[in-house]
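Everything below concerns the one structure shown next.
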Amino acid sequence: MKAKIYFRGSLTSCNYDCPYCPFSKNRDSAETLAKDRAQIEAFVEWVREQGEIGEHSLSVFFNPYGEGLTHRWYRTAMTELSHMKHVKKVAIQTNLSGRLDWTSELNRDKAAFWVTYHPGQVSEEKFLQQCNKLYEQGIAFSVGSVGLIRAFEPLLSLREALPKDVYMWVNAYKDRANYYSAADIALLQSIDPHFHINAVDYDSRGKSCDAGYNVFYVQGDGRVKRCYKDRQVIGNLYRDGLDALSKRRPCRMNCCDCYIGYIHMPELKLENVYGDHLLERIAVTR
Ligand code: SF4
Ligand code: SF4
């Protein structure tokens, strides 16, 4: 099977303190960190074993609650996975604040970063320096942020400063109805030509979705949820394996409003926009 696996361990901490985020400046106990590390390592081992069995080709996306790359075990996991033959892609969501010397060890053909810019937490200069470290090595990454109106200026400035061929996405702020004027939308669209894709909540109930079929949302202990939004557990990765877990399951939610979910709705055909870079959100058409 060609499967995409989202993996999230027990981590719930971050070195940034974004005001809207439950993980900001949270500190995990030594026990929680040890648990998270053991979960990541067990997962990497499981992926390695799949290569020995030779049945699956895997793409992996780490989406921790917080910042993973400040911890060595995430860096090691990214590096090791990127060199496994049956792993097609390994990507992670990150604020890119940590050291990046280790990235020279990555297999550049497979490793990728989904980088989120938090204008209140880091200077543009520092953030650009970090992005350039990836860019100069030819490592794939996207950059983006939430399109809050107060962030328009820093986002425009960043777009101007980033190399032209680095794709920048903007997540629509959806917590307030009619938040954007037509001019706001035009401005965001000028930063992210695919902003309109994220600005919509997709009617999804009863519709076909690859979640639970060849896309799996795995928790640290191996439990697999139906998707990022539907918390029903469909089994355990380590106990059941991908073949037993895989089943066509129509969506049970009223709408799908998050990139890591709606990209797996076949009817949207978003592989036409993101090609092989769907997981890390790099548009191939601009
Ligand atoms: S960088 Fe991300 S995880 Fe960290 S506080 Fe900000 S929003 Fe939360
Ligand atoms: S909410 Fe989204 S990701 Fe989850 S099953 Fe429905 S369409 Fe798929």
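The values are calculated or read from the model by the stated rules, or taken from the named source; none is laboratory data. Note that this is a predicted model, so its numbers are computed, not measured. Note: ideal-geometry Cβ built from the backbone for every residue, glycine included; neighbour counts use all protein chains shown. Only protein heavy atoms, including side chains, enter the accessible area calculation; ligands, DNA and RNA are left aside. Shrake-Rupley method; radii C 1.70, N 1.55, O 1.52, S 1.80 Å.
A few notes on this one:
- Residue in the range 105-114 that is within 16 Å of ligand 2 (Cβ to nearest atom) and surrounded by fewer than 18 Cβ atoms within 10 Å (Cβ to Cβ) present: no
Rundown of residues vs (1) surrounded by 14 or more Cβ atoms within 10 Å (Cβ to Cβ); (2) in contact with a strand residue (DSSP E or B) (Cβ under 9 Å, 6 or more places away or on another chain), yes/no style:
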{"residue": "190", "(1), (2)": "no, no"}
{"residue": "193", "(1), (2)": "yes, no"}
{"residue": "198", "(1), (2)": "yes, yes"}
{"residue": "203", "(1), (2)": "no, yes"}
{"residue": "208", "(1), (2)": "yes, no"}
{"residue": "231", "(1), (2)": "no, yes"}
{"residue": "251", "(1), (2)": "yes, yes"}
{"residue": "262", "(1), (2)": "yes, yes"}
{"residue": "265", "(1), (2)": "yes, yes"}
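- Every residue from the range 1-31 that is touching a strand residue (DSSP E or B) at 6+ places or on another chain (Cβ under 7 Å) and over 20 Å from residue 245 (Cα atoms): 11, 12, 13, 14, 23, 26, 27, 28
- Residue ID - farthest from ligand 1 (Cβ to nearest atom), chosen from residues in the range 267-277 that are in contact with a strand residue (DSSP E or B) (Cβ under 9 Å, 6 or more places away or on another chain) and open to solvent by less than 70 Å² (accessible area, probe 1.4 Å): 268
- Checking the stated criteria, residue 14 turns out not to satisfy the condition of being at pLDDT below 95, among the hydrophobic types (A, V, I, L, M, F, W, C) and surrounded by 14 or more Cβ atoms within 10 Å (Cβ to Cβ).
- From the list 170, 166, the one residue that fits, being of a type in the set (A, V, I, L, M), part of a loop (DSSP other than H, G, I, E, B) and open to solvent by less than 40 Å² (accessible area, probe 1.4 Å), is 166.
- Selection from the range 249-263 of residues that are β-branched (Val, Ile, Thr) and either within 16 Å of ligand 1 (Cβ to nearest atom) or in contact with a Ser or Thr (Cβ under 7 Å, 6 or more places away or on another chain) (or both): 260
- Odd one out for residue 155, checked against (1) open to solvent by 60 Å² or more (accessible area, probe 1.4 Å); (2) assigned to a helix (DSSP H, G or I): (1)
- Residue in the range 81-101 that is in a helix (DSSP H, G or I), in contact with a Leu (Cβ under 8 Å, 6 or more places away or on another chain) and buried (at least 20 other Cβ atoms within 10 Å of the Cβ) present: yes
- Against the test of being of a type in the set (Val, Ile, Thr), open to solvent by 60 Å² or more (accessible area, probe 1.4 Å) and away from ligand 1 (no atom under 16 Å from the Cβ), the options 5, 53, 40 yield a single qualifying residue, 53.
- Residue 20 being of a type in the set (Phe, Trp, Tyr), within 16 Å of ligand 1 (Cβ to nearest atom) and surrounded by 15 or more Cβ atoms within 10 Å (Cβ to Cβ): no
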